[in-house]
Each structure stands twice: as C-alpha cells, then as structure tokens.
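The values are calculated or read from the model by the stated rules, or taken from the named source; none is laboratory data. Not measured: the values here are computed from a predicted model. Every residue, glycine among them, receives a Cβ derived from its backbone with ideal geometry; neighbour counts consider all protein chains shown.
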Amino acid sequence: MKVSVVKVPKHTQEKARHELEKPSKKEIWGYGVGSLGLNSSFTLTSSFLTYYYTDSAGITAGAVGTLMLIARLFDGITDLGMGTVVDKTKTKYGKARPWILWMSLPLGLAILSLFTVPDISNSGKLMYAYVTYLAFILLYTMVAIPYKTLLALMTQEQHSRSLSNLNSAIWFMFGTLIVMTLTQPVAANFGWTTLANAYAIVTVIPLLITFRTVKERITSPLGEENNIPLKRGLLALAKNQYWFLITIVSVLFYIILSLVQGGGLYYARWVLGNEDLFPFIGLALTGPMVLGLFFMGPLVKRFGKKNVMIFGWFVALIGQCIKMIDMYDLPTFLIGSSLAGLGAMPSLGLMVAMLNDTVEYGEYKTGVRTEGLLNSGASFGGKVGTGLGLAIIGWLLSYGGYVGQASEQNELAITMIKYINIHLPIVFGLSLVTLLFFFKVEKMYPEIIAELQRRKNGIK
C-alpha cells in the first residue's frame, strides 16, 4: 500500500523552528546574572573612582575630569574595533561567548589595579591612573561588547529578548544596590584595596556563569557569517537611523547616570554635611529601581518599551524637581532620589533590548546583519556619555575651586555640586524624552521579522 506523505513547506518548517528556539528560563537567568559582574565594576568606577582619585589619591579634580573624558573616548574607539572582532570570531562556543570566558579574569585583575594608586609624585600618580584606567576600560570592552551582543544571538523573539534584558537589568540593579550602599562604609573601614579585591570576585564569577549557561542561536544571512568587511558594516550602520537615535539616547542616559551616581558622594559630604549619609542616598536611588523591575514585564507587554520609558522619565524629572524644594534637607533629597531612580529604571531595563531591535531593522533595510558592530557602536555612545558625565563633574568642581583633601569648600564649589546632582540631570533628561518620541522600530518590528523570514526562506 502506498502511503501518502504531506510535505510541509520549507518556510513553515523554518517558522516553527524559530518559534521553538527560545531561551529557557535557566538561560534567561544565566544571561542576566552576568550583568551583576559587569555592572559591579562599572558602577564602582563611575560612582567612586573620581572621588577616590580626588579625595584619597590626591589628584586634582580638573586632571581627573580630563582623564575620564580621554579614557572614555579611547574606550569608545576600542568598542568599534571589538565589535568587528566579535563579528569575525568563529569558535565552537560561538562568536560572543568565548570572549566572556577569555577576558573575565583579566578584568577582575584590572579592577584591583585601579584602587592601588601608589604614594608618589603628583605626576606619577596621574600617569599610574592613566595606565591602569585605560587597561581597565580596554578589558571591560572586551567583555561588555560580547555580553551585549549575546542578547541578539540568543533569540529573535521580541518578548523573550525583552525578558532576558529585564532579567539582566534586575541583576544590574542588584549590583548597583550593593555598590551604592556598601562601598563607602566598606572603604572607610577596610580600605579601598580590600574593597577592590571583593569586587573583582563579584565581577568574575557571574560572567563565567553566563558563559556556561547561554546558547547562541541566531546567525547572519546565508553566506555572510563572519565575512562582512568593516567598510560594508559601517556603511550599513550609517543607514540605520534608529540605531543613531537610540545611541544618542544612550549618551544622554549615561551622562545623567554618571552625574547622579558620581556626584552623590560629594553632595552627601558638602551639601548635606556628612559623607556617611551616602549609603542612604544610594539605597533611595537604587531600591525603587530593583523593586520596579519585577513589574516591568507585564507593563512592557501591554504598553511597549518606548512608552514605558517615556513615562518613566516624566517620573524621574518630577523627582529631580522635588529635590529643589530644599536642597539641604535629607528627607526631601531622598524622596526626590527615589522618584528619580524609579523613573530611570525602565531605561536600565529596556535600553539594550531596544538597541538590539535595531539589529533586525538594519538587516531589514540593508541586508547586512552585524550584531557586534551595532552593539559596539552603541556602547561607544554609552562610554562617551559616561566619560562626559564624569568629565563634567571634574571640570565643574575645578571651576568652583574644589580642593579634594580640604576640610571645607568655598560657596562656588558647593553651587557646582548642586548643579551636578540636580539641575543638569533635568536638562539632559528633557532632551532624552524628546528623542524617544521619534523611535518607531517597536511598532514596525512584526513586519520586519516577517520580511526577514521570507528572505531567509527564499520567498519573493
């Protein structure tokens, strides 16, 4: 007897395969925990390294500001190079995962070097700071770019990608909470070197967990994998207007983050009158972020990433305005910080997911898929934003006549500290919200994915 076989069309098989290939809950957790490692080192340097250099190592505020900007611009350039390297990497582990394995331990060692400035001449201290900080950010790039790229390689299913990013953000904020509340008291009681040793461990172990648990699934268009020239990749990037937009948003966001986190210890010491109050400020800023992230999934599913981010920034701006009611009152400042942290939380939870949505848009528009280059370019924006934010702190403190190891500061220096913590974040926040209104990828995404699937299946 002849048995008839119903042949399932190839495009239907391909669609089913992509629908099934979603990361498991364990994998989503494994991806997220790596953010604890990366963010511990990032928050430590962006929030406390400037203060350590000025008030512990004795380097002048102006010199520190210039160091931060130069180092971050260098960091941004290495981002572009690292993105290209990731796109061309081909190993049994994939193209992003192996870099997390290779570079996690060197990154931990680099953290130790940052907070051990020797007691030598002023020029010697500054040279040591340049060498160790440049080494740190280079190694950080060699882990961070692959980690961010991994999100685009795990899945193309938009909600799974958002959940992975949100889980990463939860661990990100958990790391931020630890750093912002424990760093100052631990450093005061045990010293900066002991602190750096602890953070090196907290950085390395979670990243190795990510390497072990996450799988790469998504490949480049047929025939192009690992073979896209840099020039072609850059030309494709230049045509991706939504990548440009979200990169500028990232710059503004990290400027704000650097101002608030990096300027907070100065505010606690010189405006509120006691640096031991900083852990309370850190808790007020990050605590609502951590709690709010657990409710992000349903909100994003109902309202979309962009709308949730915009609403969040209106809440953050209200919080910043509350701080101005009485700048010397701790409860007022804490209430404002809580609202500001809660409002900024969606950006922490969704920025990378929105960025990686532009990977598909870029492939849709140009036919070229370069997750590494795209993530490195946007990371460049984040690094520039962080560098500008920290540089602004150093330069404004220098303009105000701030003296790091002095027992008191003049009125202009105090005014600059207020501007850094309250007024400038409002200006940059308004600009950020305006740009978000023009981000259209989320609405177009289902159509983009459908078209990419048709191309892969050879359907005209």
Do we have any residue at all in the range 43-55 that's touching a Gly at 6+ places or on another chain (Cβ under 9 Å) and modelled with pLDDT under 85? yes
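Could you identify the single residue in 359, 308 that is of a type in the set (Val, Ile, Thr) and either touching a Pro at 6+ places or on another chain (Cβ under 6 Å) or under 25 Å from residue 181 (Cβ atoms) (or both)? Even if it seems obvious, please write down each step before you answer.
Details: 359 fails: either touching a Pro at 6+ places or on another chain (Cβ under 6 Å) or under 25 Å from residue 181 (Cβ atoms) (or both).
After ruling out the rest, the residue left standing is 308.
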Note on residue 348: of the conditions (1) buried (at least 24 other Cβ atoms within 10 Å of the Cβ); (2) at pLDDT 90 or above, unmet is (2)
Regarding the range 126-142, can at least one residue be identified that is touching a Gly at 6+ places or on another chain (Cβ under 8 Å) and modelled with pLDDT of 85 or more? no
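Which fully enclosed helices (runs of 4 or more DSSP H) of the range 241-359 have 1 or more residues being in contact (Cβ under 8 Å) with a residue 24 or more places away in the chain, over 25 Å from residue 164 (Cα atoms) and touching a helix residue (DSSP H, G or I) at 6+ places or on another chain (Cβ under 6 Å)?
Working: elements: 241-270, 278-293, 296-303, 305-323.
Hits in the range 241-359: 241-270, 278-293, 305-323.
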Among 22, 90, 95, which is at pLDDT below 90 and surrounded by fewer than 18 Cβ atoms within 10 Å (Cβ to Cβ)? 90
Assess whether residue 228 counts as being outside any helix (DSSP H, G or I), buried (at least 19 other Cβ atoms within 10 Å of the Cβ) and at pLDDT below 85. yes
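With the range 397-460 as the region, which helices (runs of 4 or more DSSP H) entirely inside it contain at least 1 residues that are under 18 Å from residue 255 (Cβ atoms) and not aliphatic (A, V, I, L, M)?
On the way: elements: 411-418, 424-436, 441-456.
Of the helices (runs of 4 or more DSSP H) lying wholly inside the range 397-460, those with at least 1 residues that are under 18 Å from residue 255 (Cβ atoms) and not aliphatic (A, V, I, L, M) span 411-418, 424-436.
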Please pick out the residue among 47, 104 that is touching a residue at least 40 places away in the same chain (Cβ under 8 Å), crowded, with 23+ Cβ neighbours inside 10 Å, assigned to a helix (DSSP H, G or I) and touching a Leu at 6+ places or on another chain (Cβ under 7 Å). 104
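I'd like to check something: does the range 100-112 contain any residue that is in contact with a helix residue (DSSP H, G or I) (Cβ under 9 Å, 6 or more places away or on another chain) and more than 27 Å from residue 384 (Cβ to Cβ)?
Taking the range 100-112 and keeping what is in contact with a helix residue (DSSP H, G or I) (Cβ under 9 Å, 6 or more places away or on another chain), we get 100-112.
Remaining after also requiring more than 27 Å from residue 384 (Cβ to Cβ): 101, 105.
Yes, that holds for at least one residue.
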